[in-house]
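Engineer: Mind looking over this structure? Questions follow.
The values are calculated or read from the model by the stated rules, or taken from the named source; none is laboratory data. The structure presented is a predicted model; accordingly, all values stated were derived computationally and were not measured. Here the Cβ positions follow ideal geometry from the backbone for every residue, glycine too, while neighbour counts run over all protein chains shown.
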């Protein structure tokens, strides 16, 4: 199970990287076409959709690596037992909030599909396609949060805490700034 979850997080990060690279390709095509006094139709819309995909697909892997913004001033002062209970409470609350986001973004995708909603830009993209990145990426984040919740409930140190400690031990405080 652990390998399957790690593969899911890696695949999601790969999709985020592919989306980011696609933004680069679109922008470079725009630059090249401007030299010939031409345009790439829908490039701005496509870049915006890819930006959303990059953000949402990166959430799960970023969370697991401990690279999301986390305020630990209060929790770092707690003892081990109290800290574990606080981690459990916060992870449970996060899971509930993310599940809410997954539900409503999926509803939005379904609505866009049902009414055949298209973009109002120069290229009439079917909007359910780029919107699909939101519930998928949020769903992967939900899986990652529940994964951590189960690990902490079993007595493990959260992977995001371990990752931060490993970076600090290596002298890398770039994520702490």
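Engineer: For residue 67, indicate whether it is out of contact with any strand residue (DSSP E or B) (no Cβ under 9 Å at 6 or more places or on another chain), touching a residue at least 24 places away in the same chain (Cβ under 8 Å), surrounded by 14 or more Cβ atoms within 10 Å (Cβ to Cβ) and not in a helix (DSSP H, G or I).
Structural biologist: yes
Engineer: Now for a different question. Hey, can you tell me all the residues within segment 33-50 that are out of contact with any helix residue (DSSP H, G or I) (no Cβ under 7 Å at 6 or more places or on another chain) and in a helix (DSSP H, G or I)?
Structural biologist: 33, 34, 44, 45, 48
Engineer: Still on this structure: Within segment 164-177, take every residue that is modelled with pLDDT under 85 and in a helix (DSSP H, G or I) and give me the one that is surrounded by the fewest Cβ atoms within 10 Å (Cβ to Cβ).
Structural biologist: It comes out as 174.
Engineer: Out of everything in segment 90-121 that is part of a loop (DSSP other than H, G, I, E, B) and out of contact with any helix residue (DSSP H, G or I) (no Cβ under 6 Å at 6 or more places or on another chain), what residue ends up being farthest from residue 152 (Cα to Cα)?
Structural biologist: Taking segment 90-121 and keeping what is part of a loop (DSSP other than H, G, I, E, B), we get 115-117, 119-121.
This time we only want the ones that are out of contact with any helix residue (DSSP H, G or I) (no Cβ under 6 Å at 6 or more places or on another chain), so: 115-117, 120.
On the way: 115: 43, 116: 43, 117: 42, 120: 46 Å.
Once the filter is applied, the top-ranked residue is 120.
Engineer: Of the residues 20, 5, only one is more than 29 Å from residue 149 (Cα to Cα) and either assigned to a helix (DSSP H, G or I) or at pLDDT 95 or above (or both); which?
Structural biologist: The conditions single out 20.
Engineer: Filter segment 122-142 for residues that are modelled with pLDDT of 95 or more and either in contact with a strand residue (DSSP E or B) (Cβ under 8 Å, 6 or more places away or on another chain) or not in a helix (DSSP H, G or I) (or both) and give the result. Show your work before the answer.
Structural biologist: Going residue by residue through segment 122-142, those that are modelled with pLDDT of 95 or more are 126-142.
126, 127, 132 - these are the residues of segment 122-142 that are modelled with pLDDT of 95 or more and either in contact with a strand residue (DSSP E or B) (Cβ under 8 Å, 6 or more places away or on another chain) or not in a helix (DSSP H, G or I) (or both).
Engineer: May I pose another question? Which of the residues that make up segment 143-163 are over 16 Å from residue 67 (Cα atoms) and in a helix (DSSP H, G or I)?
Structural biologist: Across segment 143-163, the qualifying residues are 143, 146, 147, 149, 150, 151, 152, 153.
Condition check ((1) farther than 30 Å from residue 118 by Cα; (2) touching a residue at least 24 places away in the same chain (Cβ under 8 Å); (3) more than 15 Å from the chain's Cα centre (by Cα)) across all residues:
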| site | (1), (2), (3) |
| --- | --- |
| 131 | no, yes, no |
| 134 | no, yes, no |
| 137 | no, yes, no |
| 143 | yes, yes, no |
| 149 | yes, yes, yes |
| 152 | yes, yes, yes |
| 156 | yes, no, yes |
| 160 | yes, yes, no |
| 165 | yes, no, yes |
